[in-house]
Amino acid sequence: MAHRTQHDGVLVVGAGLAGLSAALSAAPRKALVLTGAPLNHGCSSAWAQGGMAAALSAQDDPALHAADTVAAGAGLVDPERAALLAREGAAAVRRLAELGAPFDRDAAGDFSLSLEAAHSRARVARVKGDQAGRAIMAAVSAAALAQRHIEVRDGMRLRGLLQDETGRVRGVVVEHGGQLHEITAPAVVLATGGIGGLYAVTTTPPELRGEGLGLAALAGALIGDPEFVQFHPTAIDIGRDPAPLATEALRGEGARLVNGNGEAFMAAYHPDAELAPRDVVARAIHAELAAGRGAFLDARAAVGDHFPDAFPAVFAACLSGGVDPRVQPIPVAPACHYHMGGMVTDERGATSLPGLFAAGECASTGVHGANRLASNSLLEAAVFGARAGAAAREAEAASARITRTAAAPVLPEGAVTELRRAMSAEAGVVRDATGLSRLLAQLDALEAAHGRTPELVAARLTAACALDRRESLGAHFRADAPETPAEPRRTLVTLDALPASPACIAAE
């Protein structure tokens, strides 16, 4: 039987930007942060290159940022949530700067802002070109460790959610050193990241396999839009797992996408060429690769000798794979990068389950729709992470008897490898009914062999709702149904409402 302890405060699972933002804003209430890896390891926030988008200049306005966010989301963005994100965005960036995040500045001391795809203004605050995530997380981690109300425990793997007889979430089951532990708390904030580790080619930490999403679904939480997975178009194709990222800022600086013959091809796919929306660029590169022509990012003229100083992370990654981007085009391929779906939350981060909050990539706040706007992810993590922590600190301890304590089964690493290959093959950049049906049959077999693991639940939600959405929208592209709907509708579903021959609940 697992040992049970009680935490009188906010319990946060995940130590990326969303989780630490929640912990910081939980003050003066105690916040206990549980993380599998040490701080700054194993979270996508630390790997983010592009930066944080916000209306920080006199030429910009939150309404313009919100409008760009809505446009990128292909009809599924909640306009009120987008307005909230944009309205609170500049203050969130400035707050991180005050904590010590060394954003690039111009000669006047103002933020040095970059233009990225689908933004109508230069509004992306960066750090040394491609170091934003690492630098921001270093500053936030130092701030969190300095706070007396925050305790961080690493080496903790989330294995289950505790629920009482009313269905309220009352804590978590974690594994530490091979032993199970139950920790109760008045409120739980899940900030467990995305599902990149479910794909064979990903730019995110491979240990992020949608476990928070899967466990919340098993507990009965409402899940939104799980079929929408964003594939970053320009992962550096040098055979590494995870794949290093060639930041979108390179295309903002003028780098061009070319095929193996040196021919620029993006203008044939979209009038905005290199600055087209991410899903368009990803499909164009996928098509060039499928046709055998190859795909490369040529930054020789745009960046050239400035690479080591302007984009040190990209430069180092390329050199590690035998490519010198100063004199050679960079081989690129689409890779799983971000999950727009997640636990449905309100503007405070509350999920459909009392006592459970969510923030960051595992949440569905309504701001990303069918296709996340570039550099909105760190912003959402900071804005809605802080909101979730502030709301969770108001939760009061419940008295009903805890009735659900079981830990979910574990998926063996061999099965994880099989799952990742299947997800990349059948639920990738281009999908169709045949492949998705094949994937669901494979998930059935894995579940029969290993039980309902959180990874398999997250994969099933993604695959089943991708099969059910018989249309192409945003990052979800069906080769057998390329038409875009006149009136897009969100997918809202619970696991119990997901039948074996899948049909998701489409809600207005």
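The values are calculated or read from the model by the stated rules, or taken from the named source; none is laboratory data. On a predicted model such as this, the values are computed, not experimentally measured, just so you know. All Cβ positions, glycine included, derive from the backbone under ideal geometry; neighbour counts span all protein chains shown.
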- Message: Looking at the range 163-184, I want the residues that are modelled with pLDDT of 95 or more and have a partner that is among the hydroxyl-bearing types (Ser, Thr, Tyr) and outside any strand (DSSP E or B) with Cβ atoms under 7 Å, at least 6 apart or on another chain. Which pairs are those?
- Response: Val173/Thr405; Glu182/Thr405
- Item | Any hit, the range 289-305, residues being touching a Phe, Trp or Tyr at 6+ places or on another chain (Cβ under 7 Å) and either under 15 Å from Ala475 (Cα atoms) or aliphatic (A, V, I, L, M) (or both) | yes
- Of all residues in the range 113-142, which are in a loop (DSSP other than H, G, I, E, B) and either buried (at least 19 other Cβ atoms within 10 Å of the Cβ) or hydrophobic (A, V, I, L, M, F, W, C) (or both)? Leu115, Glu116, Ala117, Ala118, His119, Ala122, Arg123, Arg126, Val127, Gly129, Asp130, Gln131
- Looking at this structure, is Thr202 in contact with a Gly (Cβ under 6 Å, 6 or more places away or on another chain) and surrounded by 22 or more Cβ atoms within 10 Å (Cβ to Cβ)? yes
- Message: Consider the range 310-357. How many of its residues are within 23 Å of Ser375 (Cβ to Cβ) and either crowded, with 16+ Cβ neighbours inside 10 Å or touching a helix residue (DSSP H, G or I) at 6+ places or on another chain (Cβ under 9 Å) (or both)?
- Response: 25
- What do you reckon, is Gly14 surrounded by 19 or more Cβ atoms within 10 Å (Cβ to Cβ) and at positive phi? yes
- With the condition kept exactly as written, say whether any residue in the range 289-312 is in a helix (DSSP H, G or I) and at positive phi. yes
- Message: Quick check on my filter: what residues within the range 51-105 are polar (S, T, N, Q) and within 22 Å of the chain's Cα centre (by Cα)?
- Response: Thr69
- Enumeration of residues in the range 148-164 that are more than 24 Å from the chain's Cα centre (by Cα) and in a loop (DSSP other than H, G, I, E, B): Arg148, His149
- Subset tally (residues that are out of contact with any strand residue (DSSP E or B) (no Cβ under 7 Å at 6 or more places or on another chain) and at pLDDT 95 or above) for the range 1-13: 1
- Taking Ala406 as the residue in question, decide whether it is surrounded by fewer than 20 Cβ atoms within 10 Å (Cβ to Cβ), touching a residue at least 24 places away in the same chain (Cβ under 8 Å) and touching a helix residue (DSSP H, G or I) at 6+ places or on another chain (Cβ under 6 Å). no
- A careful count of residues in the range 238-257 that are among the charged types (D, E, K, R), surrounded by fewer than 24 Cβ atoms within 10 Å (Cβ to Cβ) and outside any loop (DSSP other than H, G, I, E, B) gives 1
- Yes/no for Ser501 being at negative phi, modelled with pLDDT under 95 and hydroxyl-bearing (Ser, Thr, Tyr): yes
- Quick one: in the range 30-54, which of the residues that are assigned to a loop (DSSP other than H, G, I, E, B) and out of contact with any helix residue (DSSP H, G or I) (no Cβ under 8 Å at 6 or more places or on another chain) is surrounded by the most Cβ atoms within 10 Å (Cβ to Cβ)? Gly36
- Query: Can you spot a residue in the range 444-465 that is among the aliphatic types (A, V, I, L, M) and without any contact (Cβ under 8 Å) to a residue 12 or more places away in the chain?
  - Reply: yes
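Conditions tested, residue by residue: (1) surrounded by fewer than 24 Cβ atoms within 10 Å (Cβ to Cβ); (2) part of a strand (DSSP E or B); (3) more than 15 Å from the chain's Cα centre (by Cα).
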site: Ile183; (1), (2), (3): yes, yes, yes
site: Val189; (1), (2), (3): no, yes, yes
site: Ala217; (1), (2), (3): no, no, yes
site: Pro226; (1), (2), (3): no, no, no
site: Phe231; (1), (2), (3): no, yes, no
- Output the residue which, of all residues in the range 62-92 that are within 25 Å of Met137 (Cα to Cα) and charged (D, E, K, R), is surrounded by the most Cβ atoms within 10 Å (Cβ to Cβ). Arg81
- What strands (runs of 3 or more DSSP E) lie completely within the range 333-407 and have 3 or more residues being within 30 Å of Glu116 (Cβ to Cβ) and either within 19 Å of the chain's Cα centre (by Cα) or not assigned by TED's automatic domain parsing to the domain that holds Ala243 (or both)? 342-344
